[in-house]
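One structure, pasted below without further comment.
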Amino acid sequence: MQAKHNKTWKHKHLIDVDDLSIQDCSLVFQLANKYEKALKNKKSISPILKNSNIFNLFFEPSTRTRASFELAGKLLGANVINITSEISSVQKGESLEDTIKTVSAMHSDIIILRHQDSGAATFASMNTNTSIINAGDGSHAHPTQALTDAYTIRKRFKSLKNINVTMVGDIEHSRVARSDIWMLTKLGANLTICGPASLIPKSFHKAQNSKLPHVQVQTNLKKALTDADVIIALRMQTERQKKKSIPSLSEYAKRYQITKTNLQVAKKNCLLMHPGPKNEGVEISREVANSSLSKIEEQVANGVAIRMSLLQLIYTNSGK
Ligand code: CP
């Protein structure tokens with residue numbers, strides 16, 4: 001079945017969520033909801049991407065994002081080709097620009113790119129006519145994770161308006177934090193970001209800030225968790241920390257780990273989320289990660305539906 005051109009969705013690429021309007025987000029969620037139900041009920045899914053070629057180009061490790069894009073593409077009938085830096089000609093000195101041009105020449109319709117450098121997805125989109133989806137670039141952005149997180153919260157609360165979300169961890173180096181901050185506040189959430197001052201970007205300290213009226217900065221975990229509806233724990237991004245920002249992981253864990261005791265001040269039945277990969281015993285206790293409050297595995301499941309939705313919208317917009 002040939003996909004119909006989607007008149008509402010205007011985006012050829014997805015580089016970050018700040019390109020999206022509230023209507024765009026609603027469209028992504030609506031379609032994801034349809035796919036989530038189809039997956040749950042083992043309903044047949046129309047092969048809207050039949051004969052399309054999707055390249056999963058991953059220069060950094062990934063479990064969730066890569067596998068869910070592969071599954072999403074295959075469920076929609078696409079040919080999915082996986083390339084990682086270890087098996088690519090990057091090992092022989094090929095540049096990102098050349099790799100993108102090479103993959104584009106193979107009749108690619110969508111390139112899904114994860115890269116260690118912030119700005120890599122934008123750079124790629126400037127060097128190809130193929131649609132680029134950013135699957136995480138350095139500490140810049142992770143739009144499909146932000147849409148997954150917003151979708152997961154929305155499922156519980158119906159809307160993000162006035163929902164108190166507390167994000168705890170290495171905000172400075174986290175691309176999920178950057179995309180989530182934009183996404184969740186755009187959809188109406190009140191956001192508190194919490195962690196050691198050295199792991200919160202300076203611009204946020206200044207910006208108890210008119211530009212981000214719905215973002216509060218808090219270095220005290222107990223205050224940050226008080227009355228939270230949703231808690232998002234973030235991993236220490238040690239691979240991106242150029243200098244030592246905390247004395248040690250165990251010192252960090254003592255002050256900032258999400259534990260059952262710390263959660264007592266949050267709202268009863270709050271949602272506990274984590275984009276993964278998680279380090280139990282550092283940013284989150286094993287007990288909490290495996291408790292009934294945890295939505296961590298649901299986030300993973302929702303990520304498949306969200307990526308199916310995005311693949312359809314982007315492929316359809318390319319007029320194919
Ligand atoms: N959340 C996330 O990006 O996880 P992966 O690194 O496993 O893809």
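If we only count strands (runs of 3 or more DSSP E) wholly inside the stretch 157-239, which ones have 2 or more residues that are polar (S, T, N, Q) and either within 27 Å of residue 261 (Cα to Cα) or not assigned by TED's automatic domain parsing to the domain that holds residue 121 (or both)?
Fully inside the stretch 157-239 and qualifying: 164-168, 190-194, 215-218.
Given the criterion of a type in the set (Val, Ile, Thr) and touching a residue at least 60 places away in the same chain (Cβ under 8 Å), identify the matching residue among 17, 90.
That would be 17, the only listed residue that is of a type in the set (Val, Ile, Thr) and touching a residue at least 60 places away in the same chain (Cβ under 8 Å).
Follow-up. Which number in (1) within 16 Å of the ligand (Cβ to nearest atom); (2) part of a helix (DSSP H, G or I); (3) not charged (D, E, K, R) marks the one condition that residue 277 misses?
For residue 277, the failing item is (2).
Picking from 103, 80, which residue would you name as being in the same structural domain as residue 130 (by TED's automatic domain parsing) and touching a Gly at 6+ places or on another chain (Cβ under 6 Å)?
80
Only one of (1) open to solvent by less than 20 Å² (accessible area, probe 1.4 Å); (2) at pLDDT 95 or above fails for residue 215. Which number is that?
(2)
Now a separate question. Evaluate the stretch 274-286: report whether one residue or more is within 30 Å of residue 42 (Cα to Cα), in contact with a strand residue (DSSP E or B) (Cβ under 8 Å, 6 or more places away or on another chain) and free of Cβ contacts under 8 Å to residues at least 60 places away in the same chain.
Yes.
Given the criterion under 19 Å from residue 39 (Cβ atoms), in contact with a helix residue (DSSP H, G or I) (Cβ under 9 Å, 6 or more places away or on another chain) and modelled with pLDDT of 95 or more, identify the matching residue among 310, 293.
310
What residue, among those in the stretch 142-167 that are in contact with a strand residue (DSSP E or B) (Cβ under 6 Å, 6 or more places away or on another chain) and within 16 Å of the ligand (Cβ to nearest atom), is nearest to residue 312 (Cα to Cα)?
Top of the filtered list is 143.
What do you reckon, is residue 7 open to solvent by 100 Å² or more (accessible area, probe 1.4 Å) and at pLDDT 95 or above?
It is false that residue 7 is open to solvent by 100 Å² or more (accessible area, probe 1.4 Å) and at pLDDT 95 or above.
Run down 44, 26 and say which single residue is among the small types (Gly, Ala, Ser), more than 15 Å from the ligand (Cβ to nearest atom), in a helix (DSSP H, G or I) and outside the structural domain of residue 186 (by TED's automatic domain parsing).
Matching residue, one of 44, 26: 26.
Within the stretch 61-88, restricting attention to residues that are among the β-branched types (Val, Ile, Thr) and touching a Phe, Trp or Tyr at 6+ places or on another chain (Cβ under 9 Å), which residue is most open to solvent (accessible area, probe 1.4 Å)?
81
Could you please tell me which pairs satisfy a Cβ distance under 9 Å, a separation of 6+ or placement on different chains, a first residue in the stretch 58-81 that is away from the ligand (no atom under 16 Å from the Cβ), and a second residue that is aromatic (Phe, Trp, Tyr) and part of a strand (DSSP E or B)?
81/55
The values are calculated or read from the model by the stated rules, or taken from the named source; none is laboratory data. It should be emphasised that the depicted structure is a prediction, and the values quoted were computed from it without experimental measurement. Heads up, the Cβs are rebuilt from the backbone with ideal geometry, glycines too, and the neighbour counts pull from every protein chain shown. The area values use the complete protein model at the heavy-atom level, side chains included, leaving out ligands, DNA and RNA. Shrake-Rupley method; radii C 1.70, N 1.55, O 1.52, S 1.80 Å.
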